[in-house]
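To start, the structure under review is shown below, and the notes come after it.
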Amino acid sequence: MSLWTLIKIIVLLINSVAVLNEERFLRRIGFGYRPEVAGEESIKSKIINLLHAVRTLLRIPLILVNVVVILISLLVG
């Protein structure tokens, strides 16, 4: 496995977290973001906070990273 393959896997995993819809999917399985959960130290609350942070903070940088990965894939092959 090359470094390029590892980078593409990481980008795809972050994409999969970013596209999860909170209303239709995450709340149904109990992983919807609630501000009162933000201070808890359980593993579930940490996962909820991580999902929320990825969806809010990484949205614009993820678009740019996707564009770069697609351009490199098109140019290199």
Can you pull out the trypsin sites (Lys or Arg not before Pro) in the range 27-65 that DSSP calls coil and that have at most 13 other Cβ atoms within 10 Å?
-> ARG27, ARG28
Length-normalised contact order of the chain, Cα under 8 Å, at least 6 apart, in percent, tallies to 33
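Could you do me a favour and compute the accessible area per residue for the chain, 1.4 Å probe, result in Å²? Mind dumping the intermediate values first?
On the way: 5840 Å² over 77 residues.
Per residue, the chain has an accessible area of 76 Å².
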DSSP-assigned coil residues among GluC sites (Glu not before Pro) in the chain, each with at most 11 further Cβ atoms within 10 Å = GLU41
Labelled set [x] 14.4; [y] 14.0; [z] 13.3; Kirkwood radius over Cα pairs in Å computed from this model equals the value at [y]
What is the magnitude of the charge dipole of the chain about its Cα centre, with +1 placed on the Cβ of each Lys and Arg, -1 on the Cβ of each Asp and Glu, and no other charges, expressed in debye to the nearest 20?
-> 160
Roughly how many percent of the accessible protein surface of the chain is carbon and sulfur, given a 1.4 Å probe and a whole-percent answer?
-> 72
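The values are calculated or read from the model by the stated rules, or taken from the named source; none is laboratory data. The structure displayed is predicted, hence computed values, not measured ones. We place every Cβ from the backbone using ideal geometry, glycine too, and count neighbours over all the protein chains shown. All accessible areas refer to the heavy atoms of the entire protein, side chains included, with ligands and DNA or RNA removed. Shrake-Rupley method; radii C 1.70, N 1.55, O 1.52, S 1.80 Å.
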